[in-house]
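Here the structure comes first, spelled out in structure tokens, and everything after it is commentary.
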Amino acid sequence: MNKQIARVFRVDKPIVAMIHLYGFMPERVRGLAKWEIQQLYASGVDAVLVEDYYGTVEDVEWTLDYLRREYSDRVYGVNLLRDPEKGLKLASRYGASFVQIDSVCGRLPQGAGRGGKVKTTLNDAENDAEFADRLATLRAEYPVFLLGGVRFKYQPILSGRSVEEDVRLGKERCDAVVVTGAETGLVTDMEKIRQFRDALADYPLFVGAGMTLETCEERLAVADGAIVGSWFKERGETSAPVDPRRVEIFMETVNKLREEQR
């Protein structure tokens, strides 16, 4: 078992379930989030990840506050897609165990950086050097466990480096690298996972998209954990509610794999 993973997630090969915050009115978004959190933990997931995939920053903050009040003994994290800096701040404020930033390397062109004190935000960084400087400053201020995407889904690849170079550079900017396919719900190709693993050696690697009951065994044999969203939902749709039976079946399979790999 990886020591860093064990320290944060308290288990080998952790399964992190997404809270997408779907809905059209705040009370419905938050009511569904509350119910899904209850169902996911009861069905055996190791952690939940609150994301503004559909919801607002206010919805995310409400959900994190709920988790702090009702599930302070459980593992939970946050991913603010549109404001990753605030995600780090919210994690610190609400006791989250980890943060995800979808892209820590690969999507920005190389550059010389501004030098000295960086004033840009992560979202405003025009090149990779500016982004890296700002991220380093933030990580020093908010030392929470960071899941960082490299060549992440939906992101352009503008670094001009090889996959291996991006992966090795990415691991210097986060505590675990996240690999995905091209889109949400699409299976992450095993060739890409193995390529990341070879570049990372024994550094923590999470599969961040497309994990299903049928694909989890092969991928968890290589990766150190997984983030599961669509497959845990009714009909496998991100906008649908969590299906507790799908979660239970998935976690039964994962637990068997854990036993077999001990």
Condition check for Ala201: buried (at least 21 other Cβ atoms within 10 Å of the Cβ) and under 20 Å from Leu146 (Cα atoms):
no
Residues (closer than 16 Å to Glu51 by Cβ and either part of a helix (DSSP H, G or I) or of a type in the set (A, V, I, L, M) (or both)) located in the range 217-237
Ala226, Ile227, Val228, Ser230, Trp231, Phe232
Do we have any residue at all in the range 45-56 that's within 30 Å of Ala221 (Cα to Cα), in contact with an Asp or Glu (Cβ under 9 Å, 6 or more places away or on another chain) and hydrophobic (A, V, I, L, M, F, W, C)?
yes
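Yes/no per residue for (1) touching a residue at least 40 places away in the same chain (Cβ under 8 Å); (2) in contact with a strand residue (DSSP E or B) (Cβ under 9 Å, 6 or more places away or on another chain):
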{"site": "Gly181", "(1), (2)": "no, no"}
{"site": "Phe196", "(1), (2)": "yes, yes"}
{"site": "Tyr203", "(1), (2)": "no, yes"}
{"site": "Cys216", "(1), (2)": "yes, yes"}
{"site": "Ile227", "(1), (2)": "yes, yes"}
{"site": "Ser230", "(1), (2)": "yes, yes"}
{"site": "Gly236", "(1), (2)": "yes, no"}
{"site": "Arg246", "(1), (2)": "no, yes"}
{"site": "Val254", "(1), (2)": "yes, yes"}
Can you tell me which residue within the range 220-237, out of those that are of a type in the set (D, E, K, R) and closer than 28 Å to Tyr22 by Cα, is surrounded by the most Cβ atoms within 10 Å (Cβ to Cβ)?
Lys233
Return the residues of the range 52-66 that are surrounded by 20 or more Cβ atoms within 10 Å (Cβ to Cβ) and in contact (Cβ under 8 Å) with a residue 40 or more places away in the chain; say none if nothing qualifies.
Thr63
Count, please, the residues in the range 164-177 that happen to be surrounded by fewer than 21 Cβ atoms within 10 Å (Cβ to Cβ) and either free of Cβ contacts under 8 Å to residues at least 24 places away in the same chain or under 24 Å from Gly229 (Cβ atoms) (or both).
4
Spot the failing condition for Leu186; the list is (1) touching a strand residue (DSSP E or B) at 6+ places or on another chain (Cβ under 9 Å); (2) not in a helix (DSSP H, G or I), and only one is missed.
(1)
Residue count, the range 238-253, condition loosely packed, with under 14 Cβ neighbours inside 10 Å and in a loop (DSSP other than H, G, I, E, B), comes to 1
Across the range 67-87, what is the total count of residues that are crowded, with 23+ Cβ neighbours inside 10 Å and either touching a Lys or Arg at 6+ places or on another chain (Cβ under 8 Å) or aromatic (Phe, Trp, Tyr) (or both)?
3
Taking only the range 195-249 into account, find how many residues are among the aliphatic types (A, V, I, L, M) and on the phi > 0 side of the Ramachandran plot.
1
What's the number of the only condition in (1) surrounded by 15 or more Cβ atoms within 10 Å (Cβ to Cβ); (2) outside any loop (DSSP other than H, G, I, E, B) that Gly44 fails to meet?
(2)
Going residue by residue through the range 11-27, is there one that turns out to be at pLDDT 95 or above, buried (at least 23 other Cβ atoms within 10 Å of the Cβ) and part of a helix (DSSP H, G or I)?
no
Members of the range 1-26 found to be of a type in the set (Gly, Ala, Ser) and at negative phi, listed by number
Ala6, Ala17
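The values are calculated or read from the model by the stated rules, or taken from the named source; none is laboratory data. This one's a predicted model, so the numbers in the text were calculated from it and none came from an experiment. Cβ coordinates were reconstructed from backbone atoms using ideal geometry, including for glycine residues, and neighbour counts include every protein chain displayed.
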